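Okay, so here's the structure we're looking at.
The values are calculated or read from the model by the stated rules, or taken from the named source; none is laboratory data. Everything numeric in this text was worked out from a predicted model, so none of it was measured. Because the Cβ atoms are built from the backbone with ideal geometry, glycine has one as well, and the counts that use them run over all protein chains shown.
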């Protein structure tokens with residue numbers, strides 16, 4: 001029986017500071033790949049330091065698609081990512097190259113491979129009610145409310161993950177159904193590609209935590225405080241926007257408002273980044289595992305991933 005040969009595509013996933021960009025650039029040096037960013041923060045224009053966006057010189061040598069797409073006043077969704085990513089993948093494939101999707105926004109990877117459910121549109125009035133309830137009782141109380149309506153969704157969300165808790169509860173209240181059920185009903189719309197998925201996970205989380213602290217300190221030294229001031233002056237922003245919910249930006253903003261000093265801001269920023277990494281690791285370890293997983297702390301990481309990529313592209 002004749003089989004249809006699908007074009008190859010590579011997914012490179014991992015938590016923050018796992019070395020994804022370095023591995024992706026090394027693969028670009030060795031193979032005919034083009035990079036597509038899978039990062040919900042790097043889509044924002046002018047948000048460079050706090051998102052660990054590659055610098056202009058790096059981007060000139062290793063172009064990344066889906067970076068600098070929208071101003072920080074706007075929102076970017078998983079649905080739009082899927083549309084943008086599929087268009088970029090088709091363009092890269094037509095040019096005879098291989099799409100290499102690299103990033104840490106696991107929700108985007110999952111949406112691309114598993115499809116998107118038909119979920120109700122956002123309701124500003126209901127969101128305002130949820131935010132007011134959270135302001136009065138705290139986001140853990142919202143998490144408890146969600147758990148009574150949709151235990152499966154609540155189980156995978158952190159009690160202080162305000163953005164996702166708000167959306168999950170909103171969906172339950174608007175649809176009268178569990179978000180987990182709606183997602184389960186989503187038909188698979190896996191793109192027509194032969195995927196190689198690679199996950200980078202740390203064998204020692206304490207080393208990853210040290211990397212996170214070092215990177216956050218480097219961001220502060222490079223002028224993250226000035227970047228946030230520039231963003232606030234240039235755009236009409238508030239802490240409710242997805243851009244300003246990004247780790248680092250919220251903490252610097254709150255410090256600029258005098259809610260706490262710089263030492264506490266640093267501690268809060270590092271803690272928030274560690275919590276983000278924890279969620280990413282959980283997703284990759286349980287909710288959305290890769291075909292092949294490598295220790296991101298392995299000194300031979302790049303060579304091992306390159307060997308796997310070489311074997312994949314030969315098939």
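What the table shows:
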quantity: Lone qualifier among 125, 94, 79 - being exposed (fewer than 15 other Cβ atoms within 10 Å of the Cβ) and either touching a residue at least 24 places away in the same chain (Cβ under 8 Å) or within 18 Å of residue 197 (Cβ to Cβ) (or both); calculated: 79
quantity: Boolean, residue 112 is touching a helix residue (DSSP H, G or I) at 6+ places or on another chain (Cβ under 8 Å), buried (at least 16 other Cβ atoms within 10 Å of the Cβ), in contact (Cβ under 8 Å) with a residue 12 or more places away in the chain and over 23 Å from residue 47 (Cβ atoms); calculated: no
quantity: The one condition in (1) modelled with pLDDT of 95 or more; (2) surrounded by fewer than 22 Cβ atoms within 10 Å (Cβ to Cβ); (3) in contact with a helix residue (DSSP H, G or I) (Cβ under 9 Å, 6 or more places away or on another chain) that residue 57 fails to fulfil; calculated: (3)
quantity: Those residues of segment 283-309 which are surrounded by fewer than 20 Cβ atoms within 10 Å (Cβ to Cβ) and in a helix (DSSP H, G or I), in sequence order; calculated: 285, 286, 287, 301, 302, 303, 304, 306, 307, 308
quantity: Residues being surrounded by 20 or more Cβ atoms within 10 Å (Cβ to Cβ) and out of contact with any helix residue (DSSP H, G or I) (no Cβ under 9 Å at 6 or more places or on another chain) - total across segment 233-245; calculated: 0
quantity: Of the criteria (1) touching a strand residue (DSSP E or B) at 6+ places or on another chain (Cβ under 8 Å); (2) within 25 Å of residue 302 (Cα to Cα), which one residue 70 fails; calculated: (2)
quantity: Single residue of 248, 176, 258 found to be closer than 25 Å to residue 38 by Cα and either touching a residue at least 40 places away in the same chain (Cβ under 8 Å) or surrounded by fewer than 18 Cβ atoms within 10 Å (Cβ to Cβ) (or both); calculated: 248
quantity: Some residue of segment 1-10 being at pLDDT below 95, in contact with a strand residue (DSSP E or B) (Cβ under 6 Å, 6 or more places away or on another chain), farther than 21 Å from residue 298 by Cα and in a loop (DSSP other than H, G, I, E, B); calculated: yes
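The rows are residues; the columns are (1) in contact with a helix residue (DSSP H, G or I) (Cβ under 8 Å, 6 or more places away or on another chain); (2) at pLDDT below 95; (3) on the phi > 0 side of the Ramachandran plot; (4) surrounded by 23 or more Cβ atoms within 10 Å (Cβ to Cβ).
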{"position": "25", "(1), (2), (3), (4)": "yes, no, no, no"}
{"position": "38", "(1), (2), (3), (4)": "yes, no, no, yes"}
{"position": "41", "(1), (2), (3), (4)": "yes, no, no, yes"}
{"position": "45", "(1), (2), (3), (4)": "no, no, no, no"}
{"position": "67", "(1), (2), (3), (4)": "yes, no, no, no"}
